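Read through the structure below, which is laid out as structure tokens, and then see the notes.
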Amino acid sequence: MASSAASCLSGGERRQYWWLTNRKVVDKYIRDSRNLIATREQSEITSALSLLDAALELSPRLEQALELKARSLLHLRRFRDIADMLQDYIPSLKMGSDDSSSSSSDGSSQQQSREQATLLPGRDSPGSREPSLRCFSISDLKKKVMAGLTRSCDKEGQWRYLVLGQACCHLGLMEDAVALLQTWKRLNSAAFRRESIHLSEDSFSLSNAQFSTDVTASLVPSSPPKGPSECESINHLLGHIKFLLRRQAAALAALDAGLYSESIRHFSKIIDGRYGAPQWFLAQCYMLRATAFKSAGRVVESIADCNRTLALNPTSIQALETRAVLLESIRCLPDCLHDLEHLRLLYNTILRDRKLPVPAWKQQNVHYKEIPRKLGALTSKVQELKQRMATGDTGHIDYYALIGLRRGCSRSELERAYRLLSLKHKPNRALDFLDKCEFEQGYDFDSIKDRAKMSGLLLYRLLQKAYASIASIIMDEEEVDKQRKKAAAALQAEQAAVQVPKTHEPKPKAESSLPIAPKRSESSAPKQISLTSNAKKVCPDPSVHRGVFCRDMAAVGSLLAQVGYNRPLPVKYAALSC
């Protein structure tokens, strides 16, 4: 007995000795990491992270080590690591887990109803009239107790809301960022009010003036709440997030209402804003604007936004599906088949790994349970496209639908549409959208640029092919129109040449009738000559003037008859004598 007790005592002393040693080692790690973090240098903060990881291996739930590590990761812009470390505190992830477990909670709801049934007294029971008996749920009581415990722990864990809120903002989880930062702001103001009660006016004013506005000033945590300067920076960040969310809500409302141009305008203001936006949030906005462009019939802009989405997020299933549908609509089957093959490879990877290709905290429009059904439909679609390509249905691309022109358009319309699209989608402008993106530390920026360049170049070549094809069609139509006009002009000239002799046909008749007039005038001339024989010597021969005038009158009569006057002019030859 004595030996066993001695062994237990020695074991207890040994365990206590090792516990004290681990605590001293952890304190040393934390102290050294604080000194390294105070230098504000990237390399020193990276070294401090290794010390903090070693401290957390010895004490996984040490609050100081967790806070220092989270703030160091925030300074290094390693937002994914923060989300992975604190993903249990992300509101949307909690709601998603609650929704996923809703099917399994049917049994618990039935159990809750049974609990209520046992607590409800019968009508005939003697205790039915006692007001002290109430209906309540054990599950609700448990939730309230746990909520009270978390409220009591919020005094020590306020940094989680601040650090995780900023990380969620940079990861594109805007709603989660607003919820977390507003919670931190409320808790911080309450703690600041509680502490300000115990401070005099001088100490209160001095304590407010000692805080920095830089985000890196929060690397070394302090027990008192942060000053108004940090609150101002958080307020500015909250205002920017709320502005982006209001714009996005207006764009989505316009898209749902069918106002596609209005939706495109709102999304363009988010994308082309003065201030940058996180990478994942911009990828989501590009995808939604591509949907609006697709609904508006603007194929080139929709494909360009899908390209930008895939450059920022290569595993975007929605972008691959949308671009494949657009390429199939213009009968560009090889590129459509390429996207579908990429999508099928992505589905097979998901089924092999038994998880989506994004982190658990990342929002995704596709659930894992839908992948087998989608993969079957996709396989049949790929086989159908391969059969169409085998039959030769590959060279009939609808370039008119691609550029957005009607068939039979003029050359000026083609030039205007192509000039606008080519200026907007030039390969040297394929990387301009990256200037508005905020990337996290360690992200492969070169791969993003390569994907954006390649997709932009392919789209520009497709535009050039469309312009060349439509221009050749317009040239052929113009040539045919020119030949038709030339043939019409030749036919009109022939008709005019045939009509010219007809207009000169009445003239010989007039000339043939001219000798008749002098005969009639000559028949009456001897009487006049005989009566006025003495006047011949004084006046010239009147028969010359009389014959010329009669011929002129006969010609005028024939011309008037040709014009359409059916009644000939009565000519009194007797009155024409002098």
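Residues of region 263-316 that are charged (D, E, K, R), surrounded by fewer than 24 Cβ atoms within 10 Å (Cβ to Cβ) and touching a Lys or Arg at 6+ places or on another chain (Cβ under 9 Å): Lys269, Asp272, Glu301.
Checked against the criterion of being charged (D, E, K, R), in contact (Cβ under 8 Å) with a residue 60 or more places away in the chain and assigned to a helix (DSSP H, G or I), region 351-361 contains not a single residue that satisfies it.
Going by what's in this entry, would Arg298 be described as under 24 Å from Arg461 (Cα atoms) and modelled with pLDDT of 95 or more? Judged against the criteria, Arg298 is not a match. Across region 155-189, the number of residues qualifying as outside any helix (DSSP H, G or I) and either at negative phi or over 35 Å from the mean Cα position of the chain (by Cα) (or both) comes to 5. Quickly run through region 389-412 and pick out the residues that are surrounded by 15 or more Cβ atoms within 10 Å (Cβ to Cβ) and part of a helix (DSSP H, G or I). The answer is Tyr399, Tyr400, Ala401, Leu402, Ile403.
Figure legend. Inter-residue proximity from region 436-454: first residues at positive phi, second residues part of a loop (DSSP other than H, G, I, E, B) and of a type outside the set (S, T, N, Q), beta-carbon distance below 9 Å, spacing 6+ or different chains. Indicated pairs: Gly442/Leu76; Gly442/Arg77; Gly442/Arg78. Restricted to region 217-268, and to residues there that are in contact with a Leu (Cβ under 8 Å, 6 or more places away or on another chain), of a type in the set (Gly, Ala, Ser) and modelled with pLDDT of 90 or more, the residue that is nearest to Leu181 (Cα to Cα) is Ala251. Among residues of region 253-278 that are in a loop (DSSP other than H, G, I, E, B), those with a beta-carbon under 9 Å from a residue that is of a type in the set (S, T, N, Q) and buried (at least 22 other Cβ atoms within 10 Å of the Cβ) at least six positions away or on a different chain give the pairs Ala257/Ser263.
Can Arg323 be described as under 15 Å from the mean Cα position of the chain (by Cα), over 23 Å from Leu245 (Cα atoms) and touching a residue at least 12 places away in the same chain (Cβ under 8 Å)? So Arg323 fits the description; yes.
Taking the numbered list (1) farther than 18 Å from Leu327 by Cα; (2) of a type outside the set (Phe, Trp, Tyr); (3) buried (at least 16 other Cβ atoms within 10 Å of the Cβ) in turn, Ala257 passes all entries but (3).
Among residues of region 367-392 that are under 12 Å from Arg344 (Cα atoms), those with a Cβ under 8 angstrom from a residue that is surrounded by 15 or more Cβ atoms within 10 Å (Cβ to Cβ) and of a type in the set (A, V, I, L, M, F, W, C), sequence gap 6+ or separate chain, pair up as Ile371/Ile350; Lys374/Val366; Leu378/Leu340; Leu378/Leu343; Lys381/Leu340; Val382/Leu337; Val382/Leu340.
Within region 368-386, the set of residues being modelled with pLDDT under 90 and exposed (fewer than 10 other Cβ atoms within 10 Å of the Cβ) comprises just one member, Lys369. Could you tell me whether region 311-323 includes any residue that is outside any helix (DSSP H, G or I) and in contact with a Ser or Thr (Cβ under 6 Å, 6 or more places away or on another chain)? Within region 311-323 (the criterion being outside any helix (DSSP H, G or I) and in contact with a Ser or Thr (Cβ under 6 Å, 6 or more places away or on another chain)), the answer is yes, since at least one residue qualifies.
Taking Ser43 as meeting all but one of (1) part of a helix (DSSP H, G or I); (2) surrounded by 13 or more Cβ atoms within 10 Å (Cβ to Cβ), write down the number of the exception. Looking at each condition in turn, Ser43 falls short on (2).
Across region 421-454, the number of residues qualifying as touching a Leu at 6+ places or on another chain (Cβ under 7 Å) and either outside any helix (DSSP H, G or I) or among the acidic types (Asp, Glu) (or both) comes to 3.
The values are calculated or read from the model by the stated rules, or taken from the named source; none is laboratory data. Please read all numbers here as calculations on a predicted model, not as lab measurements. Backbone-built Cβ (ideal geometry, glycine too); neighbour counts: all protein chains shown.
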